[in-house]
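K.L.:
Please see the structure below; I have some questions.
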Amino acid sequence: MHKPISRPVARVDAREKTGGTARYLDDLRFEGMLHAGTLRSDRPHARIKNIRVPDLPEGYHIIDARDVPGMNRVKILVDDQPFFAEHEVRYVGEPILLLAGEDRGAVFDLLSGVKGEYEDLEPVFFEGKGEGLDNFAEYVIKKGNPEQAFREAADIFEGTWETGLQEQAYMEPQGVIGVCDRDRVTVYGSMQCPYYIHKALVQGFGWEEGRVRVVQTVTGGAFGGKEEYPSLIAGHAAFAAFKTGRPVKIVFDRHEDMVCTTKRHSAIIRIKSAMNRDRVTGMEIDITLDGGAYAGLSSVVLQRAMFASTGVYRVDNVLVRGRAVRTNTVPAGAFRGFGGPQAIFAVEMHMHSLAERAGVSPLNFKKRHVLGTGDKTVTGGSAHEELRLGEMADLVASMSGYKEKLKRFEKKRNGNGGKRGIGLSLFMHGCAFTGSGERDIIKAEVRLAKRSDGSVEILVSSVEMGQGAFTALKKIVAETLEIPLDRVVYVNPDTDRVPDSGPTVASRTVMIVGRLLMRAAEEMKKRTDAGPFEIVRTYEQPPAIRWDQDTFKGDAYPVYSWGANVVEVEVDPVTYEIAVRGCWGVYDVGTPIDERILKGQIDGGVAQGLGYATVENMRIEAGRLLQSNMTDYVIPTSLEYPPVESVLMDTEYEYGPFGAKCAGELPIVGAPPALGAAVQNALGVRVTKLPVTPEYLLEAAGNED
Amino acid sequence: MRIEFVLNGKEVGVDTDPAKRLLDVLRNDFGCTGVKEGCGEGECGACAVLVEGRLVNSCILPVIAARGLEVITIEGFRETERYRVIEEAFDEAGAVQCGFCTPGFVLAAEALLRRNPVPDEEQVREGLSGNLCRCTGYGALVRGVLDAADRGRGLW
Amino acid sequence: MVETFCPENLGEALSLLRSAGGLALAGGTDLMVRYRGPGTPAFERNVLYIGRLPELRYVREEGGATHVGACTTYAELLASDIPPVLREAVGLIGSPAIRNAGTMGGNICNASPAGDSIPPLIALGASVRLVSLDKSRTLPLSDFITGPGKTVLRPDELLAGISFERGDFDVVFYKKVGTRAANALSKLSFTGLACTAGGILNKIRICFGGVAPVVVRSEELEKGLLGMDADTLEEAADEVGRGYEKLIEPIDDQRSTKRYRREVSLRILDYFIQNVVVPGLKTKETSGR
């Protein structure tokens, strides 16, 4: 390993962030700017009879559905979600109108005087069953002959796993500023996808594209929470700016952010396996995701969950059924892993149960089933790259002392003192958009501009949101052109200046956009003229990928990144509190573009995964979030987890820049099942849901007495 | 009410409601936008400043509580030698990702090292326990503070 | 129109309280959150800022007891000589920044069932001194707090100070079950103090926090344990548990469940008796001290 490019460099955006000079959305001020607050539904399902607005002083305005010049629908995948609810509200927190004015305090005072009159309608909730509900999407994947496998099975085992909500809890709350200038509108904001917002505004205004401009501001974390959500509030700010003729700023406080923005889909996953001679010969998997009130991205999250449903294992006969249901709760959306964490948790815990039944150690049982190079995935595609899962499993086991500890902890389980446990997980993440998404939907375009002073500017719509895109993409260009890093320019994307290279999601930025930039740089290098000039590159799909989006057959992803985790816990025998005592990870992400940045993604992803698995408890009761501030929604602190010991596999992906694959989401996927398995080892109880709270363990241990 | 205090070494005053959050006074009246609002409840530490050298969450401190006292924000602290050591150590460790929490962590590190110039890992974690970071998982931040203590021997 | 008053001394504060009334604001770590608006908090009545009043910030030893001014911050407390159980509990409140502002007086007047300083203080037999313009009165802390968020503080009174015994307990046990490892709200807490000299239980204090509208302490049950030796106490453990079970009334909320609070608080009690006090008594027996 240790390609020159992997060597860490000083992160290009560190200085202004550490010194507090970086300007996030709320730090921006425009002359004549108004502040806007939002009236939101306080009930899960109701018909709006009337909204009574008190007399407003001069300079204070209401903006609602009537002020949407174009289509009152937020463009995501399906046009079902209004910018402003008109006749019906479908979740607590749904926006109904804005109140804008010069003094922020006065805006919220006046807003509290706005009264909605509603006729309550019957709400629909998930409530741990997920049955009989309307759905946004429903799919079936079939591989081989599962019916036969079950007929011929020597043993059949079935289990159900539930995963809960998770809030992204980026440290910078959402915010946008809309500015209207004669016949153009510009929205500044904390975002992942400038062009998603651009398209949504074009549809909301019904204007031609040139009249809309979107500019990303320094983004303080996102994790998927600023993927599709900002399109909604960008519309709000833009319509308000258009109506009032003044710039309008919307910034959420933490409570509002938690109540009304998208969350990770909660899930119920049932897996039934047919076993013959201690091998899994068939699987039947049923996935239900709670999509919340509107379609959003649920269909795609569901697809990814289904494509991940058999984990890293080769199962020849599979039937996967999945659905994303509609409930009267806040719409679920993108969050690091995007359906993968839910599915991998279930299949990993299921494999643990199977291993137990077979009387085989989890490590050996899993190794027996892992995909090898050339094996077919659940969609009948091939993992084209070299697969080294067995090796990775062995490596993480030896790093952590897994084998010896597993036995020792099991023996000591009924003794006194803290219960120690250790668990191992194997996992993967499909890189970039599904199948032919890059080729057929995104069609990424990048530009690389050579300036007359010799500097080179990267023109892409990818954003820096903390994950290191600025540094990584600059490195790729600088390394290819063999010029110093500081000769490469890359600023926050502005749709007036950059082409649509696709959204900053799906761990695609380095692998797809980075590669396009590398190709552009290669082309630029060949040019002998001094400039200025621009190189344009558009996406070319690697030749071997075959995918049918209608039947879900073929290569669901161009390539996968793989991982192996071990987590060691100690469970307090009196209180069932879980302390994490060790985390180890082995990751195959191809060539790291910067080892230090990658380490940051690993450390952060593992912490987020462990949080998801333990303390991040978010529940809905009668459509209302019980935890909606940082006091009650608990994310990990510096005292929670020990350092992650991680190792990278030395692999290279032919179609990634310098051999890089995807890395941003992978680390969150493996931690929850490793933790779940560790708790099982410690207590001898089955862990069937996330988060694993002390309250849950008390019940589980009590029920098994 | 006129409330005067010393901000980043300079005597300042503001006519305001004594119960106004110090955070808002710093950001809106004095342009200290490096002090951030992450939660408004004193949970995340993105708003942390030093008052008389002690770390406090400015989002839950009424400005009257700072009257006549010395307040230091990242805007002031970044001019010091100690800051440069912390900045370098943070960069080497990979402690900066989205950056929103970073100024708060810098001041938390300063507050810790003032009291304990040679902390061990547990003490560093304890000292940072009131600052939330969602990006780094804390590993790099802890390493950064330990490294700063090392590099800055004699400064604290 | 609500006003915020900033008296320069205690006399002025009490005078304002008598004439204009107001909500006493010290560290702000509870009230600035409870009344938060967008920007300046939306207090519902006048506010009296007392956080910097010098008369209310002190830690003194006098007459075998410790006296703490109500507006002494947790950090100032931790820098003083306070009983080990209080040190442990206060050290787990909030975070370093919270402890630099928050006060025990505020914790007590907020009277949350999850207030962390209260159970150890009650275990130490704490009393509170309430002052108004022309009067002052002292009462046990356990009489001061009457329910969640409810105290007997009169509108013209301020909590001025808290006093508690030094406590020569050789067994000091405190357990806070929080929502996470640090900077956590309490789901429940347990405070156990005992004196095991000579192998006999000659003093015992048991307090539960977060499992009832107010702190649970039973002087009656405690008395019943006095004089026991290791074996007797071991045998009595189950009965003691049943006794406390009748006194606790936990609830479900966004942080935890009724069942968890009930079962875990009693498990901690049992642990305290069997694994802390009983062995402590046994050692004292054998060494004959």
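Each reported figure results from applying straightforward, stated rules to the coordinates on display, with no laboratory input. Please read all numbers here as calculations on a predicted model, not as lab measurements. Methodologically, a virtual Cβ is constructed for each residue, glycine included, from the backbone with ideal geometry; neighbour enumeration extends over all protein chains shown.
K.L.:
Could you work out which residue, out of B:E41, B:E110, B:E70, moves most in a Gaussian network model of chain B, that is, has the largest mean-square fluctuation with Cα springs under 10 Å?
P.N.:
For chain B, modelled as a Gaussian network with Cα springs under 10 Å, the answer is B:E41.
K.L.:
Along the charge dipole of segment A:108-178, pointing to its positive end and built from +1/-1 on Cβ of Lys, Arg, Asp and Glu, which listed residue (A:A153, A:Y118, A:G164) has its Cα farthest out?
P.N.:
A:A153
K.L.:
Chymotrypsin sites (Phe, Trp or Tyr not before Pro) within segment A:619-705: which are DSSP loop residues with at most 10 other Cβ atoms inside 10 Å?
P.N.:
none
K.L.:
Which whole-percent values make up P(r) of segment A:624-705 when all C-alpha to C-alpha distances are grouped in 5 Å steps starting at zero?
P.N.:
3, 9, 14, 17, 16, 15, 10, 8, 6, 3, 1, 0
K.L.:
While we're looking at this one, here's another question. Roughly how many Å is it from the Cα centre of segment A:592-645 to that of segment C:5-26, as a whole number?
P.N.:
One Cα centre to the other: 43 Å.
K.L.:
Please report, in debye to the nearest 20, how large the charge dipole of the protein assembly as shown is about its Cα centre when each Lys and Arg carries +1 at its beta carbon and each Asp and Glu carries -1 there.
P.N.:
So the dipole magnitude of the protein assembly as shown works out to roughly 1180 debye.
K.L.:
Which log10 I(q)/I(0) values does segment C:151-289 give at q = 0.11 Å⁻¹ under the Debye formula, counting every alpha carbon as one identical point scatterer?
P.N.:
-0.47
K.L.:
Please state, as a whole number in µm²/s, the translational diffusion coefficient that the Stokes-Einstein equation yields for chain C at 25 °C and 0.890 mPa s, with Rh defined as the Kirkwood radius across alpha carbon pairs.
P.N.:
D = 123 µm²/s.
K.L.:
Which Cys residues of chain A have no other Cys Cβ less than 4.7 Å away and so no disulfide-compatible partner by this rule?
P.N.:
A:C180, A:C193, A:C260, A:C583
K.L.:
Right, something else. Averaged over B:17-26, how many beta carbons belonging to a partner chain fall within 10 Å of each residue's beta carbon?
P.N.:
That works out to 5 on average.
K.L.:
List the trypsin sites (Lys or Arg not before Pro) within segment B:44-79 that fall in a DSSP loop (any state other than H, G, I, E or B) and whose Cβ has at most 15 other Cβ atoms within 10 Å.
P.N.:
none
K.L.:
In what order do A:V559, A:V567 fall by count of nearby beta-carbon atoms within 10 Å, going from fewest to most?
P.N.:
A:V559, A:V567
K.L.:
A follow-up question, please. Size of the dipole of segment C:4-165 about the Cα centre, Lys and Arg at +1 and Asp and Glu at -1 on the beta carbon, nothing else charged, in debye to 20?
P.N.:
Roughly 380 debye for segment C:4-165.
K.L.:
Calculate the radius of gyration of the Cα atoms of segment C:91-150 to one decimal place, then report Dmax, the largest Cα-Cα distance, as a whole number, both in Å.
P.N.:
Spelled out, the Cα radius of gyration and Dmax of segment C:91-150 are 12.5, 38 Å.
K.L.:
Out of all DSSP beta bridges with both ends in chain C, state the antiparallel percent to the nearest 5.
P.N.:
Here the share of antiparallel DSSP bridges comes out near 90 percent.
K.L.:
Name the residue farthest towards the positive end of the dipole of the protein assembly as shown from the options C:S136, A:H369, C:T179, assuming +1 on Cβ of Lys and Arg, -1 on Cβ of Asp and Glu, about the Cα centre.
P.N.:
A:H369
K.L.:
While we're on this one: Can you tell me what percent of all Cα-Cα pairs in chain A are more than 51 Å apart?
P.N.:
The calculated P(r) of chain A puts 11 percent of pairs beyond 51 Å.
K.L.:
Kirkwood hydrodynamic radius, computed over distinct alpha-carbon pairs, for segment C:4-165: how many Å, to one decimal?
P.N.:
15.8
K.L.:
Just to confirm the number: angle between the C-alpha axis of helix C:278-287 and the first principal axis of chain C, 0 to 90 degrees, nearest 10?
P.N.:
Roughly 60 degrees between the two axes.
K.L.:
Convex hull over the Cα atoms of chain B, averaged projected area in nm²?
P.N.:
It is 8.2 nm².
K.L.:
Using +1 at the Cβ of each Lys and Arg and -1 at the Cβ of each Asp and Glu in segment A:193-313, identify which of A:F242, A:V312, A:A274 lies farthest towards the dipole's positive end.
P.N.:
Value computed over the given set: A:F242.
K.L.:
Expressed in nm², what is the orientationally averaged projection area of the convex hull enclosing the Cα positions of segment B:81-151?
P.N.:
Averaged projected hull area, Cα only: 3.9 nm².
K.L.:
Let me ask something else about it. What are the extents of the Cα atoms of segment A:437-538 along their three principal axes, listed from largest to smallest and rounded to whole Å?
P.N.:
Each principal axis gives a Cα extent; for segment A:437-538 these are 36, 28, 24 Å.
K.L.:
In whole Å, what three semi-axes, largest first, describe the equivalent ellipsoid of segment B:2-74 built from its Cα gyration tensor (square root of 5 times each eigenvalue)?
P.N.:
Over the Cα atoms of segment B:2-74, the ellipsoid semi-axes are 17, 13, 11 Å.
K.L.:
Give, rounded to the nearest 20 debye, the magnitude of the charge dipole that segment A:536-647 has about its Cα centre when Lys and Arg contribute +1 at Cβ and Asp and Glu contribute -1 at Cβ.
P.N.:
320
K.L.:
Also, quick follow-up: As a footprinting exposure proxy, order A:E568, B:E81, A:E256 by other Cβ within 10 Å, with the fewest listed first.
P.N.:
B:E81, A:E256, A:E568
K.L.:
Same structure, new question: What value does segment A:4-143 have for Rg/Rh, both radii from Cα atoms and Rh as Kirkwood defines it?
P.N.:
My calculation puts Rg/Rh at 1.13.
K.L.:
For segment B:2-74, give me the percentage of DSSP beta bridges that are antiparallel, rounded to the nearest 5 percent.
P.N.:
85
K.L.:
Now a separate question. Give the residue list of GluC sites (Glu not before Pro) in segment A:649-705 that are DSSP loop and have at most 16 other beta-carbon atoms within 10 angstrom.
P.N.:
A:E652, A:E654, A:E704
K.L.:
Looking only at C:G94, C:G64, C:G51, which one moves most when chain C is put into a Gaussian network model with springs between Cα atoms under 10 Å?
P.N.:
Highest fluctuation of the listed residues: C:G64.
K.L.:
Compute the distance from the alpha-carbon center of segment C:133-148 to that of segment A:369-386, in whole Å.
P.N.:
For segment C:133-148 versus segment A:369-386, the Cα centre distance is 72 Å.
K.L.:
Quick one: plug the Kirkwood hydrodynamic radius of segment A:187-323 (C-alpha pairs) into Stokes-Einstein at 10 °C, 1.306 mPa s, and report D in µm²/s.
P.N.:
89
K.L.:
Mean-square fluctuation check for chain C, GNM, Cα pairs under 10 Å: which of C:T179, C:T191, C:T66 is largest?
P.N.:
Maximum fluctuation in the GNM of chain C, among the listed residues, is at C:T179.
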